Amino acid sequence: MDKFDDPTGMYTPDASESVSLFISLSCVSVMSLLSGRKTAGTKFGTVNYPRALVIGLYIVSWLFSLVAAMLVQTNNYNIISCRLSILACILLYALSKVLIYLFLIERVHIVTAIGVTRWSCTLFKFNMVMLLPYLGCFILAVIYRVAILADDGQCKIGLLKQAGIPLIAYDILVSSWYTVLFLRALISSTSMLQGPTKSKLREVARRTLMGSILALLLSCANISTLVYFNGHERGLICLASCTMDVTLNAITIHWVTSRSGSSSERGNTNRSPRGVGDSGQYAMQETDKVSHLRSHISVSIESYVEEYHQLHFGNPSNITDPR
């Protein structure tokens, strides 16, 4: 493959390079759009832990797409770019997975231990400990990574089976565990999600369950491809597939944390009292304020917990903050 056979001596990218660059730039645009929609009107000084996880995932996904766009253009005949490509896939991809795991752990805690602080919950602590083996998988990925230049100048990167198989096994194990926890919360007759007043929390559990399954399928497909090629997948294709994986995971989390937008909620939001003096004006301002915040933060699981406390305990200020 001679990339400089053009009579003018200019570099001529092939179809794979063009498609990979298009995918990376498209993912940058998508992540910029999602980040803007999720954070518009938000004061970052008031961002709590669950929202910080979502915003952090957006930032990591956007950064991964940007780095991939730069590496795609220098991947051939460049061993430095080739080595950076596999390191970016390992580091940023692993970071995005950790953020997703932390998000799922938080959602499990929300739907299974309402009103209990995180570190007072045995299940939460167990789920956090389950993240430790991922460090071993990460180390194996760094050790058994592959980054070489073929005779035709193409960059070949990937993971050997010693790293890829443990990653797949861990992802399946952890995601299956979260799936069981969400299913148990939805099905069990003794679950905190049972009852007519828990519909919103059940919706949170259902959406997160579907998001967890989709994230598992995407990750397994991507890592299985790396293992299949045994470290000899073209760098451009690997970068493109990892970029799509990270971006689709972020889109999934965005959907999971988005309100269902029922007509009844919109109708209640649009109502404003009239002819009741200053108190009516104040109530209208408060309604607009809540509507504005919810429209951008979306499915605030903290608001669900607060509503649960109001329904069952009266004054939410007397209940320990679940965060």
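Would you mind stating whether Leu159 is touching a Leu at 6+ places or on another chain (Cβ under 9 Å) and in contact (Cβ under 8 Å) with a residue 40 or more places away in the chain?
In short, yes.
For region 221-230, does any single residue satisfy the condition of being over 16 Å from Leu167 (Cα atoms), at pLDDT 80 or above and of a type in the set (Phe, Trp, Tyr)?
no
How many residues are of a type in the set (Gly, Ala, Ser) and under 15 Å from the mean Cα position of the chain (by Cα) if we restrict to region 15-35?
Here the count works out to 2.
Restricting the first residue to region 109-122 and requiring it to be modelled with pLDDT of 85 or more, which pairs with a second residue that is of a type in the set (D, E, K, R) and not in a loop (DSSP other than H, G, I, E, B) meet a Cβ separation below 9 Å and a spacing of at least six or different chains?
Qualifying pairs under 9 Å: His109/Arg118; Arg118/Glu106; Arg118/Lys125; Trp119/Lys125.
Of all residues in region 25-54, count the ones that are of a type in the set (A, V, I, L, M, F, W, C), touching a residue at least 12 places away in the same chain (Cβ under 8 Å) and surrounded by fewer than 17 Cβ atoms within 10 Å (Cβ to Cβ).
Residues that pass the stated criteria total 2.
Among the listed residues Leu53, Leu71, Leu57, identify the single one that is hydrophobic (A, V, I, L, M, F, W, C), in contact with a Phe, Trp or Tyr (Cβ under 6 Å, 6 or more places away or on another chain) and either assigned to a helix (DSSP H, G or I) or under 29 Å from Gly235 (Cα atoms) (or both).
When all the criteria are applied, what remains is Leu53.
For Pro133, only one of the following conditions fails: (1) at pLDDT below 90; (2) surrounded by fewer than 17 Cβ atoms within 10 Å (Cβ to Cβ). What is its number?
For Pro133, the exception is condition (1).
The values are calculated or read from the model by the stated rules, or taken from the named source; none is laboratory data. Please read all numbers here as calculations on a predicted model, not as lab measurements. Glycine also receives a Cβ, built like all others from the backbone with ideal geometry; neighbour counts cover every protein chain displayed.
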